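The values are calculated or read from the model by the stated rules, or taken from the named source; none is laboratory data. These numbers come from a predicted model, not from an experiment. FYI the Cβ positions are ideal-geometry reconstructions off the backbone, even for glycines, and counts take in every protein chain you see.
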């Protein structure tokens with residue numbers, strides 16, 4: 001099996017890590033990742049707030 005090829009040496013491999021230099025941009029990117037904007041037209045808003053609801 002190909003995934004068992006390095007099984008005996010697997011614990012010697014180091015995990016890949018990245019150095020983080022720009023914390024401000026990184027934090028801003030994390031905030032933007034969870035953000036989504038929805039544009040609603042004026043027609044939808046006017047019908048949503050219509051006085052004569054059934």
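Identify, from the list 6, 27, the residue that is at pLDDT below 80, surrounded by 10 or more Cβ atoms within 10 Å (Cβ to Cβ) and either part of a loop (DSSP other than H, G, I, E, B) or under 30 Å from the mean Cα position of the chain (by Cα) (or both).
Checking each option against the conditions leaves just 6.
Checking residue 14 against (1) in a loop (DSSP other than H, G, I, E, B); (2) modelled with pLDDT of 85 or more, which single condition isn't satisfied?
Just one mismatch for residue 14, condition (2).
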